[in-house]
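The values are calculated or read from the model by the stated rules, or taken from the named source; none is laboratory data. As the structure is a prediction and not an experimental result, all values here were calculated from the model. Neighbour counts are summed over all protein chains in view; Cβ atoms, including those assigned to glycine, are modelled from backbone coordinates with ideal geometry.
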């Protein structure tokens, strides 16, 4: 079930820290979309109803390795539901999710995870009584379950330990390895959420508001991490922080009432009259 | 660190001392201790589900009782059955039954899981109670207890009380060390993860259902081991061995001792069997002795209220509480 050719190996994981440059300068930096021609994941007419409510309606979007696809929209626009449809937390009512040439719509979330799509949650979803290391170790274990080696002590798989440590370091939690997750600050728990996602070595990353509740310094580091990860991952990012959105987005999709209002490069979206009217009331984006 | 290292030797010391007990030549207490050991195996098997996988089963007596019936029905009536094949066969029957019921009950959670496991146990109860298969409500006698032969040499004769006690001790210790090892392996960590946050485990790519089913099957098999020994000790089986009272009693042992540890259920089984013995002692409590369940219920309630970690919580502080305290300090 584990993928031998996974793109995220420990020595490819970007190191934590680095020069904290301003978000704005990065936004103006090299923006040539490095996307390969073949999308790793795309949806066709993806739709999800909750009773009479249409949470996600006829959404088509593509993810490429090397590209950060940011989805924005007001609360209730269906962004999180869309993430849940891609990760298998929810089955779609109709439509297709094509991942590496196969329709994975309706697959269970554990199978989708094993195929190589990892996600983080908007509401922190970690193992609170476990240490930071054990949280990441469990995540790494999922790729090498060894479930039948019932007499081999779990902490003695060097490969799994190495992956867990690399993921912790990448998310900037290397110094917190032995802390119990419940005792971490809110921002650190968010980082752990990302570290666990990385430890499963996905090729597609779905980040649901990774910056929510983070301080400025932590946000800065997370933005850098996501940028580094985009080199060899396809990333879908849901975010409200407009500085981060424009710092990161190669492709921007605006959702309103479950539908895609506009999709394109950040410049195209910014200049779209429909977006300015319907979503931003002609305000925020123009100020950029 | 030092007390914990000391504690790691404690199980060996306890087993060593317990092995010497037959030297005291006290038949009454040895039978009582044998019963404690059997119930300890039963309680540990349930704790694997309740304390380590997060599944509260209220029908665990089904697997316990089924093994007893398996022994009674499989063996020849007036000859000793060989332990070599009858014990693994009884465990296998229970594990298989757990595998089949597990695929169904594991589709439910929480209160529904409790109810569905109870329902399966009650079904089995009435199968044996209302049909001639297992002698109806009268049950079946096991006239001759099993024996273990090596060539012509009788290694174990379970008619011999000392032999039976030692067998129960070896098996209880074996189950303890076996489960300790299994729970320290990858599958054990995964089960704990499922107990703490099933949803996240699934998102990490763990096939949660398969892990739970493995745990359920192993738990059923070990309950069968306990049930086999119980049937040998009583010398008969009747539907009471699979009644919901039995499921309740073993759940109380786990709660009393402290779930989520392996020694907790052992302590709980010891406390439960001994308390029952004391509370139903007519010499001490006169006519109240007949109502021992009233006193037992009150004690369990007090433990649940004031010692949520059970008797085991007196000795070791669980990780979660430590974490919460640390969080408060900051």
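Beta carbons closer than 9 Å, at least 6 apart along the sequence or on distinct chains, pair a first residue in the range B:297-313 that is assigned to a helix (DSSP H, G or I) with a second that is at pLDDT below 90 and exposed (fewer than 15 other Cβ atoms within 10 Å of the Cβ) for B:313/B:321.
Quick check on this structure: which one of A:212, A:274, A:278 is at pLDDT below 90 and closer than 23 Å to residue A:87 by Cα?
Values: A:274 fails: closer than 23 Å to residue A:87 by Cα; A:278 fails: closer than 23 Å to residue A:87 by Cα.
Every option except A:212 fails the conditions.
Residues in the range A:135-153 that are surrounded by 22 or more Cβ atoms within 10 Å (Cβ to Cβ) and either over 23 Å from residue A:87 (Cβ atoms) or more than 8 Å from chain B (Cβ to nearest Cβ) (or both): 3 in all. Of the residues A:71, A:97, the single one that is in contact with a helix residue (DSSP H, G or I) (Cβ under 7 Å, 6 or more places away or on another chain), within 25 Å of residue A:267 (Cα to Cα) and crowded, with 21+ Cβ neighbours inside 10 Å is A:71.
No other residue among B:148, B:115 is over 16 Å from residue B:251 (Cβ atoms) and either modelled with pLDDT of 90 or more or outside any loop (DSSP other than H, G, I, E, B) (or both) apart from B:148. Residue count for the range B:267-296, restricted to those that are outside any helix (DSSP H, G or I) and touching a residue at least 12 places away in the same chain (Cβ under 8 Å): 1.
Set side by side, the residues B:302, B:275 differ, and just one is surrounded by 11 or more Cβ atoms within 10 Å (Cβ to Cβ) and at pLDDT 90 or above, which is B:275. On the stretch given as the range B:65-80, residues that are part of a loop (DSSP other than H, G, I, E, B) and either under 25 Å from residue B:244 (Cβ atoms) or touching a strand residue (DSSP E or B) at 6+ places or on another chain (Cβ under 7 Å) (or both) total 1.
The condition of being without any contact (Cβ under 8 Å) to a residue 24 or more places away in the chain, buried (at least 20 other Cβ atoms within 10 Å of the Cβ) and away from every other protein chain (no Cβ under 14 Å) holds for only one of A:254, A:269, that being A:269.
In the range A:28-129, counting only strands (runs of 3 or more DSSP E) that sit wholly within it, the ones holding 3 or more residues that are within 18 Å of the chain's Cα centre (by Cα) span A:41-50, A:68-72, A:94-99, A:117-120. Residue B:81 - would you say it is within 17 Å of the chain's Cα centre (by Cα) and surrounded by fewer than 24 Cβ atoms within 10 Å (Cβ to Cβ)? When the stated conditions are applied, residue B:81 does not pass them. Scan the range A:90-114 for residues that are facing chain B (nearest Cβ under 9 Å) and without any contact (Cβ under 8 Å) to a residue 24 or more places away in the chain and the total you get is 4.
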